[in-house]
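In what follows, a single structure is set out as structure tokens and then discussed.
The values are calculated or read from the model by the stated rules, or taken from the named source; none is laboratory data. Model, not experiment: these values are computed from the prediction. Methodologically, a virtual Cβ is constructed for each residue, glycine included, from the backbone with ideal geometry; neighbour enumeration extends over all protein chains shown.
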Amino acid sequence: MAENKIFVLQEKGSCGKSSTIKNIFFLLIEKYHNTMIINSLKIHPSSNDITAQIVINGLLIGIESQGDPNSILEQSLNIFAKANCNIIFCPARTSGMTKEWITSHSSKYKIHFHKQTIVEAKMRCWRKKQFESNFNVAEQLIKAAGL
């Protein structure tokens, strides 16, 4: 049986981690037309954050785009673990409670920490470059998960 995995996108606050995780959700839906969205899909209206469980080729995948200390990340991780998700994607800070919430699942999941790419803020067309970077990082995480 394949090992369960959590793919964590880490960095400080306000650097595009949540946007990158949201990209993963939409890229998977686009890539796998047979994707079944199940259970707890929530698109949070105030922030457009996503909490979802999807099935792709028999794999249960949990996706949480909130990774801040006062978010629902801890709750979502517990729900995903209880549902026996094979793969989980989420953002987190580099230290503190968000990282602790994730590492508390290390007995059931192999945890893969990935650093978020930050585009230099002084660069021309910064927003466009950061958007492109977030998209590329999302593709890298999908590939790392074997999807």
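Take the conditions (1) modelled with pLDDT under 90; (2) touching a helix residue (DSSP H, G or I) at 6+ places or on another chain (Cβ under 7 Å); L77 misses just one of them, which is (1).
If we scan region 94-110, do we find a residue that is within 19 Å of S19 (Cα to Cα) and of a type in the set (G, A, S)? Looking through region 94-110, none of the residues is within 19 Å of S19 (Cα to Cα) and of a type in the set (G, A, S).
Summed over region 1-29, the residues that are farther than 14 Å from N136 by Cα, modelled with pLDDT of 90 or more and in contact with a helix residue (DSSP H, G or I) (Cβ under 7 Å, 6 or more places away or on another chain) give a count of 3.
With respect to T94, determine if the residue is out of contact with any Ser or Thr (no Cβ under 8 Å at 6 or more places or on another chain), among the polar types (S, T, N, Q) and not in a helix (DSSP H, G or I). Can you show your working first?
Numbers: out of contact with any Ser or Thr (no Cβ under 8 Å at 6 or more places or on another chain): yes; among the polar types (S, T, N, Q): yes; not in a helix (DSSP H, G or I): yes.
Answer is yes for this residue.
The number of residues in region 62-110 that are surrounded by 22 or more Cβ atoms within 10 Å (Cβ to Cβ), within 17 Å of L28 (Cβ to Cβ) and touching a residue at least 40 places away in the same chain (Cβ under 8 Å) comes to 9. Under the condition of being touching a helix residue (DSSP H, G or I) at 6+ places or on another chain (Cβ under 8 Å) and in a helix (DSSP H, G or I), the residues counted in region 125-147 number 8.
Out of the residues in region 30-49 that are part of a loop (DSSP other than H, G, I, E, B) and surrounded by fewer than 13 Cβ atoms within 10 Å (Cβ to Cβ), state the one that is modelled with the highest pLDDT.
Within region 30-49, the subset part of a loop (DSSP other than H, G, I, E, B) is 32-35, 45-48.
Then drop every residue that is not surrounded by fewer than 13 Cβ atoms within 10 Å (Cβ to Cβ), which leaves 33-34, 45-48.
Numbers: H33: 84, N34: 81, P45: 55, S46: 59, S47: 63, N48: 78.
Per the stated criteria, the residue is H33.
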